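In what follows, a structure is listed as structure tokens, so that the remarks can point back to it.
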Amino acid sequence: MKTVLITGATSGIGKATAELLAANGYNLILTGRREERLKELQETLSHLAEIHILKFDVRDKGNIPSLIEGLPEQFKKIDVLINNAGNAYGRDSIHEGLIDDWENMIDINLKGLLYLTRAISPQMVERKSGHIINIASLAGRETYPNGAVYCASKTAVKAATEGIRKDLNPYGIKVSCIDPGLVETEFSEVRFHGDKQAAEKVYQGYTPLTAFDVAETIEFVLSRPLHVNIADTLILCTDQASSTIVRKG
Ligand code: NDP
Ligand code: 8X3
């Protein structure tokens, strides 16, 4: 069975993906910063599949290569990398934005994805097989007011995904991008710096996607035959037509 490394498995889309893939028998390396959550998930899923957990921050470029090299023997061969870890920080107009928020988004959403890809793609190149699935966003396809830096980070993820696909094409490695619209997770709580009320409002008055909806799409992309690569996918809830048009009522 394939081994899949998922970044950001402690919550939302990453966690739902871990649950679904474990139920489908994939062996998993689950990562994130919140170790307690990783341990709980390992405990819950270990009757379904082999689960290894790794606590680290995707910004920690110095440590990532050795963490990957130091994986136990049975988890060393990574068949699939799901670059999911990421968040928005702040919802401010550019002239009022916090520079720390901007750095978080660029460092986590873009640079973190690149560090993981750099650490894991060489073994895929060597074996001439593998699959990298990047979670971008509708925000990488269109911008919206007060979201310039988050949208820029996700546009960059989409551009990087295309470039990575071209670089790894000679080695038969699949590279896919998945772009969800509004998904109810901890995303908005993080965006609003822990303000739960502001976060809840984002998902009121319509039916957003669930993390499981996105996990099902990821599982579909992952389970296509060897010759099929779902290169790009936009998944929206029915009530959403664009970043700024959401049917409510
Ligand atoms: P959540 O906030 O629920 O989950 C984010 C995950 O990313 C957590 O597991 C978190 O783990 C991890 N993470 C964040 N920062 C870091 C870091 N520095 N190092 C390691 N792990 C980190 O949000 P979602 O599940 O919604 O988000 C998952 C991905 O989906 C993100 O890339 C997001 O941009 C994207 N997305 C989300 C949408 C939405 O509407 N929710 C829509 C489109 C795309 P921990 O805190 O334990 O480190
Ligand atoms: C997350 C969805 O609309 O908040 O990528 O940007 S949105």
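Details
- Segments classed as helices (runs of 4 or more DSSP H), wholly inside the range 118-208, with at least 2 members that are more than 10 Å from ligand 2 (Cβ to nearest atom) and within 16 Å of the chain's Cα centre (by Cα): 148-168
- Residue check for VAL175: under 20 Å from GLY8 (Cα atoms), more than 13 Å from ligand 1 (Cβ to nearest atom), hydrophobic (A, V, I, L, M, F, W, C) and surrounded by 20 or more Cβ atoms within 10 Å (Cβ to Cβ): yes
- Residue check: GLU19 meets all listed conditions (1) surrounded by fewer than 17 Cβ atoms within 10 Å (Cβ to Cβ); (2) of a type in the set (D, E, K, R); (3) closer than 19 Å to SER223 by Cβ but one, namely (1).
- Inspection of the range 94-110 finds a residue satisfying the criterion of being surrounded by fewer than 16 Cβ atoms within 10 Å (Cβ to Cβ), within 16 Å of ligand 2 (Cβ to nearest atom) and outside any helix (DSSP H, G or I).
- Out of LEU71, LEU67, LEU30, one residue alone is closer than 22 Å to PHE187 by Cα and modelled with pLDDT of 95 or more. It is LEU30.
- Residue match in the range 240-249 (condition: open to solvent by less than 40 Å² (accessible area, probe 1.4 Å), assigned to a loop (DSSP other than H, G, I, E, B) and in contact with a helix residue (DSSP H, G or I) (Cβ under 9 Å, 6 or more places away or on another chain)): yes
- Qualifying residues in the range 182-231 (those that are open to solvent by less than 80 Å² (accessible area, probe 1.4 Å) and among the acidic types (Asp, Glu)) - the one nearest to ligand 1 (Cβ to nearest atom): GLU186
- Condition met for LEU168 (touching a His at 6+ places or on another chain (Cβ under 8 Å) and open to solvent by less than 40 Å² (accessible area, probe 1.4 Å)): no
- Selected residue [within 14 Å of ligand 1 (Cβ to nearest atom) and either closer than 18 Å to GLY14 by Cα or not β-branched (Val, Ile, Thr) (or both)] from VAL157, VAL80: VAL157
- Of the helices (runs of 4 or more DSSP H) lying entirely inside the range 1-92, those carrying at least 3 residues that are in contact (Cβ under 8 Å) with a residue 40 or more places away in the chain are 12-23, 64-69.
The values are calculated or read from the model by the stated rules, or taken from the named source; none is laboratory data. If you're wondering where the values come from, they're calculated on a predicted model, not measured in any experiment. Virtual Cβ from ideal backbone geometry, glycine too; neighbours counted across all protein chains shown. Side chains are part of the model used for accessible areas, which takes the heavy atoms of the whole protein and leaves out ligands, DNA and RNA. Shrake-Rupley method; radii C 1.70, N 1.55, O 1.52, S 1.80 Å.
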